[in-house]
Amino acid sequence: MKKHVISLAVLSAFAVPVFAQSSVTLYGVIDEGLNYTNKVATATGGHSVWEMQSGYAQGSRWGLKGTEDLGGGLKAIFQLENGFDVNTGKLGQGGLEFGRQAYVGLTQDQYGTVTLGRQYDSVVDYLAPLTANGNWGGYLLSHPYDNDNTDNSFRLNNTVKYASPVFAGFQIGGTYSFSNNTGFANNRAYSLGATYALGGLQVAGAYMAIDNPGTNSSGTVTTTDANFIAQKLQVFGGGVNYTYGPVTGGFVYTNSYNQHPTGTTYLTNPATGVNPAPLAIPGNTLNSLRFQNFEINGKYQLTPAFFVGAQYIYTYTNYNSTLGTAHPKYQTFGLMADYNISKRTDFYFQTAYQHVSSGGTGTQLDNAFIPGTDNSSTTSNQVAFRVAIRHKF
């Protein structure tokens, strides 16, 4: 009898791996470099600054992802991704252990993928890869204040996501994020996106809406995540890229609308040191803030190891307050050169320049601000440079 039991145990030990094949992958990116900004607003005026900064072309990270074959083409999947600062070792994304991504779900080739956890929205998944910052450029080449989240400033907590299989080059997907609050719609979100690829052509569009982003610590976009603290955020846009040989060119339009925004976490009031910085002067109330971004970008792969890229962004802003309206206009230019010295290590150089005209808000929104710099300029112009090394494992 004992021999039969031992035999069954041995057979079971060998049978399980055959049925449930699984794999876990450890991966990461370390992006570190030196930045120079010509003008940064402080309590004593505008000053230039040299800094060592982490995670610009790509956020520095490490992660685990895995699959388990459940049979019949069905697989369980997971991903845990931590963001960190190379200079200090601090956790990124507001001090979260797995602030970049944390989810578990199921995938099936025929029906698509469903995942649950902290995840990217449909703007990031479908539209951002057609922008310079969401593809090859990163943080320094973002749209002003990353107002449309194409640079992935925030993730969505408490999120259910679906992504369809790719049918003849076409894919759709969407997310719904719970507020985890007794007020069901208090800091919830939903998004939809689609993309189509044929040869060198890629077309994409996306929509996202968030109620009360940044207003509490339990909802889908918490105070430490949000780029704008507002009553509502809506983003929509579309874009097209075309690749011909070593050259890729693209155009993207996005429209982001903040209802009753009170501040942006990107800026610090230089006089008081307060962050988020207020978006209206005392005695004025900001009813809405809309950004329309028009981006042209291009990339030339000179050799398999070396590429150069450029972008131009024109951003038209509608600042609607109790004292009237204003229309700051931002023009942003970005350049990047990247050289791979191996399959996993590269050096890159970036520069960005921004000019603001027709301000009239009486706030820091009238001054230039390149995302990734410490603060807005004290004038309508700002320039930043970065030279960095990036290693992937």
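Below is a table of values for the structure above.
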quantity	calculated
Pair Val274, Ile389: separation of 7 Å Cα→Cβ label points (nm)	4.3 nm
Tail weight of P(r) past 14 Å, computed on alpha-carbon pairs of the range 155-195, percent	52 percent
Whole-angstrom gap from the range 60-78 to the range 181-238, using each part's C-alpha centre	25 Å
Test item: Cα-centred dipole of the range 60-198, Lys/Arg +1 and Asp/Glu -1 on Cβ, debye	200 debye
Contour excess over end-to-end distance, with Cα ends at Phe333 and Phe294 and 0.36 nm allotted per residue	12.8 nm
Gain upon complete extension [Leu323, His260; 0.36 nm per residue less C-alpha separation]	21.3 nm
P(r) histogram, all alpha-carbon pairs of the range 185-264 included - 10 Å bins from 0, percent	18, 36, 23, 18, 5
Directionally averaged projected area (convex hull, Cα atoms, the range 120-278), nm²	9.8 nm²
Sequence of Ile229, Ile77 once ranked by neighbouring C-beta atoms within 10 Å, starting from the fewest	Ile77, Ile229
Residue list for the range 315-334, given a label point 7 angstrom along the Cα-to-Cβ vector of His355 and an amide N cut-off under 19 Å	315-317, 327-334
Calculated FRET value between Leu302 and Val86, using beta carbons and R₀ = 25 Å, to 0.05	0.30
Sites Glu68 and Thr224, calculated FRET efficiency, Cβ-Cβ separation with R0 25 Å, nearest 0.05	0.15
Residues Ala185 and Tyr111, FRET efficiency given R0 of 30 Å [Cβ-Cβ distance, rounded to 0.05]	0.50
Too-long pairs where the Cα-Cα distance tops 26 Å, listed order kept, from Lys39/Lys343; Lys75/Lys161; Lys65/Lys343; Lys90/Lys232; Lys232/Lys329	Lys39/Lys343; Lys90/Lys232
Alpha carbon centroid spacing (whole Å) that separates the range 151-173 from the range 326-342	26 Å
Order of Trp62, Trp136, Trp50 under a 10 Å beta carbon neighbour criterion, fewest first	Trp50, Trp62, Trp136
Spin-label pair Gln58/Tyr316, simplified geometry with 7 Å Cα→Cβ offset, distance in nm	3.7 nm
Cα centre as origin, Lys/Arg/Asp/Glu Cβ charges: the chain dipole, Debye	600 debye
In sequence order, calculated HN-Hα J values of the range 69-83 (Karplus, 6.51, -1.76, 1.60; Hz; x Gly/Pro)	6, 9, x, x, x, 8, 10, 8, 9, 8, 8, 10, 9, 9, x
Percent of alpha-carbon pairs separated by more than 30 Å within the range 21-392	38 percent
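Every read-out reported here was derived from the displayed coordinates using simple, explicitly stated rules and does not represent laboratory data. Computed from a prediction, not measured in an experiment: that's the story for all the values here. Please note: Cβ atoms are built from the backbone with ideal geometry, for glycine as well, and neighbour counts cover all protein chains shown.
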